[in-house]
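A quick write-up on the structure given underneath.
What follows draws every value from the coordinates through simple rules; no lab data is involved. None of the values given here were measured: they were computed from a predicted structure. Here Cβ is always computed from backbone atoms with ideal geometry, including for glycine, and neighbour counts include all displayed protein chains.
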Amino acid sequence: MLENCILLSLFAKENLNRMSEQQLNLYDRLINEPSNDWDIYYWATEAKPTPSEFENDVMAMLREFAKNKKREQRLRQPDLEY
């Protein structure tokens, strides 16, 4: 879904390069295990509580990122870098 593509790709661009190996594994699990993309979106935006198996520091980072406190314009995915 477009909302997650934008949210997760911008989050990844801003955070992946400074995440630990453990955090990268948690992020990988988050984006690959839930069968419903809407669940990730609802958890990140705090519309629904995050299940305990996904409640960790990466989810906390994603929730904080989703708040967009800097009021950045987030209308599209970042360009691919080669």
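Measuring from label point to label point, each 7 Å out along Cα→Cβ, what is the residue 38 to residue 80 span in nm?
Placing both labels 7 Å beyond Cα along the Cβ direction yields 3.0 nm.
Answer rounded, prolate or oblate for region 1-45, using the Cα gyration tensor with square roots of eigenvalues a ≥ b ≥ c: rounded when a/c is under 1.5, else prolate when a/b is larger than b/c, else oblate. If you can, show how the numbers build up before the last one.
Numbers: a/c = 2.44, a/b = 1.41, b/c = 1.73.
Oblate, because a/c is 1.5 or more while a/b does not exceed b/c.
Is the C-alpha gyration tensor of region 16-75 telling us rounded, prolate or oblate? Criteria: a/c under 1.5 is rounded; beyond that, a/b larger than b/c is prolate, otherwise oblate. Before the final figure, lay out each step's value.
On the way: a/c = 1.73, a/b = 1.13, b/c = 1.53.
In terms of gyration-tensor shape, oblate.
Please list 3J(HN,Hα) in residue order for region 49-66, calculated via the Karplus relation 6.51 cos²θ - 1.76 cosθ + 1.60 where θ = phi - 60°; whole Hz, with x for glycine and proline.
Per residue, the Karplus-derived 3J(HN,Hα) values read x, 7, x, 4, 5, 10, 7, 7, 5, 5, 5, 4, 5, 5, 4, 5, 4, 5 Hz.
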